[in-house]
Amino acid sequence: MEDIQLIKLLAQELDTTHKQLISKSQKQQNVHNRAICYFIFRSKGYQVIRIGKLFNRDHTTVVHGLEILKYDMSKNIDLKKRVYKLQSKYVLGMDLCEYNDKSNEEIIQEVLRVQRINFTELLRLNKGKVINESLIERLKINEL
C-alpha cells in the first residue's frame with residue numbers, strides 16, 4: 001500500500017482529511033490524529049525520519065507525538081483499544097471492529113488465532129511495540 005493511500009485511509013478512520021493530517025495546523029484534534037498515524041506507520045517499521053517527511057514534520061516532532069500518544073493510551077483505555085484496532089487493521093491486515101467489548105489481550109489472542117501466526121511472529125511483525133511486558137509473559141504461557 002502506498003504511503004499517501006494509507007494516510008488517506010487513516011484520515012477516513014479518524015474522521016478527518018488527508019490535508020488536515022499533513023497541514024501545519026496545531027489544533028489539538030489534528031495533532032492527536034497525526035500522532036495516531038505516526039504510531040501506525042512506526043508499527044509498520046517506518047523510521048521516524050521517513051514518517052516526519054510524510055507529514056511535513058521534523059523527526060523530533062514525530063518522537064514527541066509518539067511519546068504523548070503512549071502516555072495518553074496509558075490513561076485512556078478507549079483510546080488504547082481504538083489505536084490497537086487501527087494497528088491490527090493496517091499493520092496485520094485484520095479488521096477487529098466486531099471486538100469492541102474485548103480486552104487488548106483478547107484482541108491480540110484473536111489476531112494470533114485468525115492470522116495463524118505465533119507469538120514470536122507477532123512480535124517480529126510489530127517490532128515488539130504492540131504489547132507490554134506483562135502481557136508478553138501471559139501470551140507466552142498461553143502459547144505453550
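The values are calculated or read from the model by the stated rules, or taken from the named source; none is laboratory data. Remember, it's a predicted structure, so these values are computed and weren't measured experimentally. Virtual Cβ from ideal backbone geometry, glycine too; neighbours counted across all protein chains shown.
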### Query
Residues 29, 47, 20: which one is surrounded by fewer than 18 Cβ atoms within 10 Å (Cβ to Cβ), of a type outside the set (D, E, K, R) and under 18 Å from residue 72 (Cα atoms)?
29
### Message
For the structure I just gave you, tell me whether residue 57 is under 21 Å from residue 2 (Cβ atoms), at pLDDT 90 or above, basic (Lys, Arg) and within 16 Å of the chain's Cα centre (by Cα).
### Response
no
## Note on the structure
The condition of being buried (at least 16 other Cβ atoms within 10 Å of the Cβ), more than 22 Å from residue 89 (Cα to Cα) and among the charged types (D, E, K, R) holds, among 42, 57, only for 57
### Query
If only one of 51, 40, 68 is in contact (Cβ under 8 Å) with a residue 40 or more places away in the chain and within 14 Å of the chain's Cα centre (by Cα), which one is it?
40
### Query
Considering 21, 69, 86, 92, which residue is within 23 Å of residue 3 (Cβ to Cβ), outside any helix (DSSP H, G or I) and modelled with pLDDT of 60 or more?
92
